[in-house]
1. Scan region 78-106 for residues that are of a type in the set (D, E, K, R) and open to solvent by 100 Å² or more (accessible area, probe 1.4 Å) and jot them down.
2. Any chance region 24-31 includes a residue that's of a type in the set (S, T, N, Q) and either modelled with pLDDT of 85 or more or open to solvent by 100 Å² or more (accessible area, probe 1.4 Å) (or both)?
3. When K134 is evaluated against the numbered criteria (1) modelled with pLDDT of 75 or more; (2) charged (D, E, K, R); (3) open to solvent by 70 Å² or more (accessible area, probe 1.4 Å), which criterion, by number, is the only one it fails?
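The values are calculated or read from the model by the stated rules, or taken from the named source; none is laboratory data. Source: prediction; values computed, not measured. Surface accessibility is based on the protein's heavy atoms, side chains included, excluding ligands, DNA and RNA. Shrake-Rupley method; radii C 1.70, N 1.55, O 1.52, S 1.80 Å.
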Amino acid sequence: MAVKDRDRFSTATRLRLLGEQTAARVYRSQNRRQARRSRLTGRAAFLALVVCSLIVALAYPMRQYVSQRDEIADQRRLAREAEARTEELRDEKARLQDDAYIKRLAREHLHYLLPGETGFTVVDPDAAEERDGKQSGTDRPWHSNLWDGVDSADRG
């Protein structure tokens, strides 16, 4: 028994027992950490799944909301433009009720004359050719001259 007692108290035996105890403690703490970590990972995965589900569920309505806001802004802009155009047309209608304005338009655009007036039209061939940048009407067929006259009447 003396050998067993000596063996029990020897430094090598003590170190071996101490190492085994330490290894057992480390192994137990690692198992606890892994158990905690796995629970945390499961919770984190569930939380990530919930967040992703919310993002996916809200993505389409948010896109619709933004596009509808843009569409509403466009419609409001179009309504303001239509109101402005309506006001312009109302003003034009009011002006067209005035006989003096109608006479002035007829004199300017249609070259009407009042009874007793004499109208003159002065044509400068050089000025007309410079303004149009085209050849004179005598060198072209009659139908070209006709269409050019219609086009120029639309612009005037």
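1. R80, E83, R85, E88, R90, K93, R95, D99, K103, R104
2. Keep residues of region 24-31 that are of a type in the set (S, T, N, Q), which gives 29-31.
Imposing the further condition that a residue be either modelled with pLDDT of 85 or more or open to solvent by 100 Å² or more (accessible area, probe 1.4 Å) (or both) reduces the set to none.
Looking through region 24-31, none of the residues is of a type in the set (S, T, N, Q) and either modelled with pLDDT of 85 or more or open to solvent by 100 Å² or more (accessible area, probe 1.4 Å) (or both).
3. (1)
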